[in-house]
1. Highest mean first, what order results for 222-231, 55-64 on Cβ atoms within 10 Å?
2. So if I place +1 on the C-beta of Lys and Arg and -1 on the C-beta of Asp and Glu, and nothing else carries charge, what would the dipole magnitude of the range 1-146 be about its Cα centre? I want it in debye, nearest 20.
3. Could you give me the percent of Cα pairs per 10 Å distance bin for the range 97-204, shortest bin first, beginning at zero and ending with the bin that holds the maximum distance?
4. Given charges of +1 on the Cβ of Lys and Arg and -1 on the Cβ of Asp and Glu, with all other atoms neutral, how large is the dipole of the chain about its Cα centre, in debye to the nearest 20?
5. Could you point to the residue in His49, Pro111, Cys156 farthest towards the positive end of the chain's charge dipole, with +1 and -1 charges on the Cβ of Lys/Arg and Asp/Glu respectively?
6. Using the Karplus curve 6.51 cos²θ - 1.76 cosθ + 1.60 with θ = phi - 60°, what ³J(HN,Hα) values do you get for each residue of the range 120-134, in whole Hz, with x for Gly and Pro?
7. From the phi angles alone, apply the Karplus equation (6.51, -1.76, 1.60; θ = phi - 60°) to the range 101-112 and give each ³J(HN,Hα) in whole Hz, x where the residue is Gly or Pro.
8. So what's Rg/Rh here for the range 152-193, counting alpha carbon atoms and using the Kirkwood radius for Rh?
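Since every read-out is calculated from the coordinates, none of them should be taken as a lab result. The structure presented is a predicted model; accordingly, all values stated were derived computationally and were not measured. Counting neighbours? That spans all protein chains shown, and the Cβs are built from the backbone with ideal geometry, glycine included.
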Amino acid sequence: MSRIAYVNGRYVPHREAQIHVEDRGYQFADGVYEVCTVRKGVPMEEKGHLDRLERSLREMRIDMPMSRAAISLAMRETIRRNLVEEGIVYLQVTRGVAPRDHPFPTKKVRPALVMTARNSKPHPTPWLEDGVKAIVVPDIRWGRRDIKTVGLLPNCMAKQAARERGAYEAILVDADGVVTEGSSTNVWIVTEGGALVTRPPSNAILNGVTRLELIELAAAEGLKFEERSFTLEELRRAREVFVTSASSFVMPVTQVDDRPVANGKPGAVAGKLRAAYLRHMDAQVVA
Ligand code: PMP
């Protein structure tokens, strides 16, 4: 099947989809994006992703390219035209096309909106049964990580380092030894005392849509939850470590660098939250 991309109001064959050479997204990473998981052809957590898209655009002073309702329709149409059942839909908005110059264009430019969608394979069983490995790398990113910009080079470098060491994710740690997040995930621990911990939203991390939903689900499960920062040292002593994102859901981490997390097996809290999250997604499919 040939893939279709949505580009500024048109559905075009993926290989023919084009963006202007002076699009500011291309030249300055002047744009933002969202990734939604698709289950049975339905985009998951649509409201959360559109809320964050609006927020990112507002922070960057880029106009919404069209209404939320129109974006939602185009997203569903992109999913449909690509016959996506289980996969992701990707949405990107850049400031638009202008002669290359650092300041924002003074003339009104039309933001560029692009969407793609593709099927993806389920998570391999061993990842869930045995957990995955993570490595630790310094967080070298900028100071507005709350904005979901396409400027992802430090994240790509961290993920590449992880792949080269046979790891699923890179856990980023700041200069004070405090964990920020993963290269494309939020990081959670279950402490020695049994509390579920993830850090609060701030400019230091991306406020994950999955993270927000899991906080609610953890409350419904009656789990003891603390929203606070934690150090790498505390993570190394944790009973459980796991990472979350729209595409990872809840992924147990059982090895950090070359050391096992606790007994090296996925923990009960991660298992419980993953199951709750899968149920929560199923409910969105039938709704
Ligand atoms: N942090 C970073 C740096 C990310 O790239 C992502 C995934 N986009 C997340 C956290 C998790 O966010 P979400 O749950 O919305 O996918």
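1. 55-64, 222-231
2. Values: 26 positive and 19 negative charges, 79 e Å.
Here the range 1-146 has a charge dipole of around 380 debye.
3. Calculated over all Cα pairs of the range 97-204, the distribution is 11, 31, 32, 18, 7, 1 percent.
4. On the way: 42 positive and 36 negative charges, 174 e Å.
The calculated dipole for the chain is roughly 840 debye.
5. Pro111
6. Per residue, the Karplus-derived 3J(HN,Hα) values read 9, 7, x, 4, x, 3, x, 4, 7, 6, 9, x, 10, 9, 10 Hz.
7. In residue order, the calculated couplings are 6, 4, x, 4, x, 7, 6, 5, 10, 8, x, 8 Hz.
8. Numbers: Rg = 11.3 Å, Rh = 11.1 Å.
A ratio of 1.02.
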